[in-house]
Each structure stands twice: as C-alpha cells, then as structure tokens.
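A short worksheet on the structure shown next.
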Amino acid sequence: MKTKLLLIAFAAVVFGSCSVQSQTTVYAKNSDISDNLDLRAVASMFGESSNLQDFERRLNDPKYQISNLDLNGDDEVDYLRVIESVENRTHVVIIQAVLDRDVYQDVATIDIERDNYNKVSVQVVGNSYLYGANYIYEPVYSVVPVIYSSFWVTNYRPYYSTWGWNYYPTYYTAWNPYPVYRYRNNINVCINVNNHYNYVSTRRSYRAPVLYESRRTYGYESRRPDYSFAQRHSNVSNRYDLDQRRIASRDAGRTSNTYNINRQNSGRVSTNENRTPDRNYSENRTNPNRDYNTNRTTATSRDNSATVNNPVRVDNTPRTENRRDYGQNNANVSRGNSQGNMNTNRNSANQRTEAPRNYSENRGGSESRANTSRSQNTQRSESPRASQESRSSQPQRESSSGSRGNGGRRG
C-alpha cells in the first residue's frame, strides 16, 4: 500500500513539473529576441558611467541585470563585452554578446560625435538582425555625463575588452534568464526617469556606419540566417513598430473586453438598478413613517405628556364631582345663590373643556345652564316674596300687639 502511494506521489510531481515546463516554453514562443535587452536602459547606464570600462561593468553587473539575452541557449545570460572604434571626433561603441570561444554577436552600437561647436550627440542603434532596420534611441540627459570628458583627451586609446568565453571578471556571475514580463518589470527600475529617450529613424553621423562595418561580428546570424527581424515580423519594419502594434492590439483587447463585460452585465446592472430603487422606495416609505412616529412619540408625546395627560387626569375628577354637584343642585335648589353660582361656574368650565368632544354633552350643558338660570330666577323671585311677606307680617304683628294693648288698657 505504501509503495502504491509513493508511486502516485512521484507521478504527480513528474506531471506537475512537465506542465510548468510546457507553460514556460509556450510563453517563450510568444516573445521576441529584442524583448530581452531594452536599449533605453543601455542609454541610461551609459550616461551614468565614468568610462567605457565602467560601462561594461554596469552592463554585466548581476545587481542591475540590464541584459536578459541567451542567444546560445545554455540557460545563462550571455556576457556583453564592449569594444570601440574611433575616427577623429566620432566614436562608435559596439556591444557584443559572447556566445562561444571566439564567437560573438553584435547587439547594439552607440554613436558618439562632437560637432564644431563642441556639442555632443549620442544615439543608441539596435542591431538590424535583432531589432530591425533603423531602430534608434537618442537620449537627452538631464545632466552632462562624465563619460564625455573621457573621449576627447590627448593620446586617447580606443577601448577594447579583454574578457571572453570562460574568462570573466570577478564581479560577474551568470544568472538564469527571466520570463520576458518579469524582465520588463525589473528593467524599469534601471531607467533614469529624469532623462528623455527620443525615438528617431535616421543616424546623425555618416561616419559611424562606416566605422561599424569594419568591426562588425555576426556569430548568431550565421547560425540562424533565416531568423532575422524582417523574417520574424514581415508586417512591421522594426521593434518600434512592433511595440506600437502591441499597444494598439492591447488597447483594442481591453476595449473589447470591457465592451463584452458591459454587454454581459448590462441586463444584470439594469435589473439591479431597477431593484434597488424599489428597495429604497419601500425603505423610504417605511422609514419616514418610522421617523415620523418616533418623532411624534419621542419629541411630541414626551414633551407634551406632562401638559396633555396631566390636565386630562386633573379634569376627570372635577367632571364627576361637577356632575354630582349638578345633580345635587337640581335636587336642592333652595340652598342658596352662592352654591348655585359656584356650580354654574364649575359647570361652565366643564362644559368648555367638554365642548369639542361631544355635541350631545354641549346640548346637555346648555340645558343645565338654562336650568340653573331658571333656578336662580325662581330663587330671586321667591326672595322678594319672602321679603314682602316678612314686611307684611311685621305691621300685622304690630297692629295685633297694638290692638292687644289697647284692649287691655280699655279692659
């Protein structure tokens, strides 16, 4: 059982490694040779170098990893050596990849020329086999490079690298080439953004091509004569046109992808947009009512509870008492005007509070007022009668007493 498990695990590891290798191979087929060395980075390193020896060191320093070329296919980045050809005020710096013993391939050249006004022009020209015809970058440095001062000195000797196959400087250590997309991300760090790198299609110096032809090497071209840039890309002239095509196709792919995504999600977005307003509308219908209720209960009811509820409770007790007093007043009319007046006042106050609540009670209150007024009138009418009776009874008493007195005296 254990042996079967081990065999299954081993088979899984083998298949996984095979799939990874196949993916790497497919990605390499989709790239181009010229993607492995950015001439803008070469121009940037040239402007930061003090001389050509320092420039060669920077090209091959593992810390920078300017190059990603592996032309001989040994899975190691090729060493780039630098040689120079000079005539009067024109210097041609040739960058060569070391492929084998005494086998070199030109990668790019740097044309340096000074005119009669001591103005220096620099052009980095890509090899036509790798980059296509007239692939030229003209750097404009923000600061005058120090390397300019090393070219025009008395008794100048052209630089010629002494390094070759299996004979490298101590600072150099070969590294494995990266995938093209990773190399592009890494190389952007090595490009000085303060400089400008202008693309041009013509060479300024007419002497530089002549000097270059005398020192030209083409070891890789001779091995693969049918693999030049013109044969690899028949629809474009050089690497710059290839970049423009890539950018255009990339932008077109992005726009088509976004258009397809919008078309696919248009119905979903519309339904979601239609749903969300309904949800918001229902929430708006419910929330304002809730807020209104809370405002009524919290703001109005709480603040006015003491003013509204307490008078109602206070008024409820006199209502019952007033009604009872009203019954007592109807039963006992002869108790006095003072009590009648007090009852009428209380009944009028109760009738004012109860008037807006019930129409029948208002009618009852009006009848009660009529009854009280009638009782008052009867009491007032009875009171003069009593006074008249008392007045009339007093003379009768006096007359009777007088008659009694007289009768006594007579008798």
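The values are calculated or read from the model by the stated rules, or taken from the named source; none is laboratory data. Values in this document were obtained by computation on a predicted structure and should not be read as measured data. We place every Cβ from the backbone using ideal geometry, glycine too, and count neighbours over all the protein chains shown.
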Query raised in the report: Looking at this structure, is residue 79 in contact (Cβ under 8 Å) with a residue 12 or more places away in the chain and of a type in the set (Ser, Thr, Tyr)?
Result: yes
Query raised in the report: Could you say whether any residue in the stretch 245-254 is of a type outside the set (A, V, I, L, M, F, W, C) and in contact with a helix residue (DSSP H, G or I) (Cβ under 9 Å, 6 or more places away or on another chain)?
Result: no
Query - Long-range neighbours under 8 Å by Cβ, at least six apart or interchain, first residue assigned by TED's automatic domain parsing to the domain that holds residue 86 within the stretch 146-157, second assigned to a helix (DSSP H, G or I) and among the aliphatic types (A, V, I, L, M) - result: 147/52; 150/52
Query raised in the report: Taking the stretch 118-144 on its own, how many of its residues are outside any strand (DSSP E or B), under 16 Å from residue 33 (Cβ atoms) and not aliphatic (A, V, I, L, M)?
Result: 5
Query - The listed residue being more than 20 Å from residue 150 (Cα to Cα), buried (at least 19 other Cβ atoms within 10 Å of the Cβ) and without any contact (Cβ under 8 Å) to a residue 24 or more places away in the chain, out of 127, 36, 60, 68 - result: 127
**Report entry** residue 252 vs. criteria under 40 Å from the mean Cα position of the chain (by Cα), part of a helix (DSSP H, G or I) and either surrounded by fewer than 17 Cβ atoms within 10 Å (Cβ to Cβ) or aromatic (Phe, Trp, Tyr) (or both)
**Finding:** yes
**Report entry** Test: residue in the stretch 77-97 that is modelled with pLDDT of 95 or more, in a loop (DSSP other than H, G, I, E, B) and in contact with an Asp or Glu (Cβ under 8 Å, 6 or more places away or on another chain)
**Finding:** yes
